[in-house]
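Peer 1: Provided herewith is a single structure, encoded as structure tokens, for subsequent inquiry.
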Amino acid sequence: MSEAETTRIEHAGQAGHLSVVTTSTDDGIRVLTLAGEIDHHTGDTLRQALDASGTPRPRVVADMRQVTFMDSSGINILIAAHRSLSEAGGWLRLAAAGESIRRTLGIVGVDAVIDCHETLRHALTN
């Protein structure tokens, strides 16, 4: 991945915070590395990071390996982003979610709507 386009939003480490680092692969896939909690306090950070308005055929992978908590706010943001990216001819993929996050995604059926992958590598190549 190219580090040419790196953006850091907020800081992880404290309860209620979300860190987002954005990079791009050589073939134009935007990778969001998320760390921390996704809830109503941090939702705007995630929403802004997922916004690809003005980008033709946007392709985004959210690396969720370091997400420690996600509530319904996060679910709603992911579904809205999936719809928006799909309507623009692109896609959203989720990668490397931990067990509790995977369980949440499965319970509410997000994994049936948004492509979920075990690893970042799979999300980038499939």
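The values are calculated or read from the model by the stated rules, or taken from the named source; none is laboratory data. Small disclaimer: the values here were computed from a predicted structure and weren't measured. Ideal geometry is used to build each Cβ from the backbone, glycine not excepted, and the neighbour counts take in all protein chains shown.
Peer 1: Of all residues in the stretch 112-126, which are modelled with pLDDT of 95 or more and in a helix (DSSP H, G or I)?
Peer 2: A112, L120, R121, H122, A123, L124
Peer 1: Quick check, is A97 assigned to a helix (DSSP H, G or I) and either at pLDDT 95 or above or acidic (D, E) (or both)?
Peer 2: Considered against the rule, which asks whether it is assigned to a helix (DSSP H, G or I) and either at pLDDT 95 or above or acidic (D, E) (or both), A97 comes out as no.
Peer 1: Next question, about the same structure. Suppose we keep only residues that are in a loop (DSSP other than H, G, I, E, B) and of a type in the set (D, E) within the stretch 18-55. Which one would you say is nearest to I79 (Cα to Cα)?
Peer 2: Here the answer is D51.
Peer 1: Starting from residues that are exposed (fewer than 15 other Cβ atoms within 10 Å of the Cβ) and closer than 20 Å to S24 by Cα, keep the ones in the stretch 67-117 and report whichever is farthest from the chain's Cα centre (by Cα).
Peer 2: G89
Peer 1: Please enumerate the residues belonging to the stretch 79-97 that are of a type in the set (A, V, I, L, M) and in contact with a strand residue (DSSP E or B) (Cβ under 7 Å, 6 or more places away or on another chain).
Peer 2: Once the filter is applied, which keeps residues that are of a type in the set (A, V, I, L, M) and in contact with a strand residue (DSSP E or B) (Cβ under 7 Å, 6 or more places away or on another chain), the stretch 79-97 yields A81, L85, L92, L94, A95, A96, A97.
Peer 1: Of all the residues that make up the stretch 66-97, how many are more than 17 Å from V110 (Cα to Cα) and of a type outside the set (S, T, Y)?
Peer 2: Looking only at that region, the number is 5.
So that you can scan it fast, the table gives a plain yes or no per residue for (1) within 19 Å of A112 (Cβ to Cβ); (2) charged (D, E, K, R); (3) in contact with a Lys or Arg (Cβ under 9 Å, 6 or more places away or on another chain):
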residue	(1), (2), (3)
I38	no, no, no
T45	no, no, no
D51	no, yes, no
G54	no, no, no
D63	no, yes, no
Q66	no, no, no
G74	yes, no, no
L78	yes, no, no
A97	yes, no, yes
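Peer 1: How many residues are in a helix (DSSP H, G or I) and under 22 Å from S19 (Cβ atoms) if we restrict to the stretch 83-94?
Peer 2: 1
Peer 1: Being out of contact with any helix residue (DSSP H, G or I) (no Cβ under 9 Å at 6 or more places or on another chain) and either touching a residue at least 12 places away in the same chain (Cβ under 8 Å) or of a type outside the set (S, T, Y) (or both) narrows it down to one residue among S19, S24; which is it?
Peer 2: Step by step, each of S19, S24 is checked, and only S24 is out of contact with any helix residue (DSSP H, G or I) (no Cβ under 9 Å at 6 or more places or on another chain) and either touching a residue at least 12 places away in the same chain (Cβ under 8 Å) or of a type outside the set (S, T, Y) (or both).
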